[in-house]
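First up is the structure itself, then whatever we jot down about it.
The values are calculated or read from the model by the stated rules, or taken from the named source; none is laboratory data. All figures in this text were calculated on a predicted structure; none of them were measured in a lab. Cβ placement follows ideal geometry from the backbone for every residue including glycine, while neighbour counts extend to all protein chains displayed. These accessible areas exclude ligands, DNA and RNA; they are computed on the full protein's heavy atoms, side chains included. Shrake-Rupley method; radii C 1.70, N 1.55, O 1.52, S 1.80 Å.
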Amino acid sequence: VLNCTSHDNFDPAANNADGFAAKLTCGEGNIFRGCIAYSNIDDGFDLFSKIESGPIGAVRIERCVDYGNGCLSDGSGNGDGNGFKLGGDGIAVAHSLVHSVAFGNGSTGITSNSNPAIVVENCTAFGNGQRNISLYGKGQGPRRFQVINTISLNGASADAYTEMPE
């Protein structure tokens, strides 16, 4: 997906309309490059995996921006509001987020959402409604997070790098 913008997505439940969603059953080789996600009721980018459907293919997000997710551009709504949500259910998938920016999202700018295998490189997260960055795992598998040359500032709460590998 190249140089696309997605905004003001809304669903009746007000919690499942993401900007970009390569999740649940997508295959290998998906790349988002130069994309912008803003003012979506749920998350800007959602790479959710769940136990019932198993791991998805690794996704690369590069040179993308997300901001203001969790409400619509008119200020209405109160959805999850993560910027880059990079997994779920503790399923290890080596997603990579590179040269990207997350700011002003209602919740977390960059979250592993329990995926213990993401790579975040040369990214910036600032001014998000909760944490700018939150990396954590789930279950017994090894934690293989990598965070390289990434800047975080002015988040509403301290970043959380729990269970980071040594």
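Numbers below:
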| item | result |
| --- | --- |
| Scan of segment 80-105 for residues that are open to solvent by 30 Å² or more (accessible area, probe 1.4 Å) and either free of Cβ contacts under 8 Å to residues at least 24 places away in the same chain or part of a strand (DSSP E or B) (or both), ordered by number | V101, F103 |
| Residues satisfying the stated conditions in segment 18-59, i.e. open to solvent by 40 Å² or more (accessible area, probe 1.4 Å) and touching a Cys at 6+ places or on another chain (Cβ under 8 Å) | R33, I36 |
| Those strands (runs of 3 or more DSSP E) lying entirely in segment 33-79 with at least 3 residues modelled with pLDDT of 95 or more and within 12 Å of N105 (Cα to Cα) | 65-67 |
| Filtered residue count, segment 117-133, keeping only those that are surrounded by fewer than 24 Cβ atoms within 10 Å (Cβ to Cβ) and part of a loop (DSSP other than H, G, I, E, B) | 5 |
| Hits in segment 134-163 (condition: open to solvent by 60 Å² or more (accessible area, probe 1.4 Å) and either outside any loop (DSSP other than H, G, I, E, B) or closer than 24 Å to D89 by Cβ (or both)) | Y136, K138, Q140, P142, R144, Q146, I151, L153, Y161, T162, E163 |
| Odd one out for V65, checked against (1) of a type in the set (A, V, I, L, M); (2) within 22 Å of N40 (Cα to Cα); (3) open to solvent by 50 Å² or more (accessible area, probe 1.4 Å) | (3) |
| Filter pass, V59 being aliphatic (A, V, I, L, M) and within 13 Å of the chain's Cα centre (by Cα) | yes |
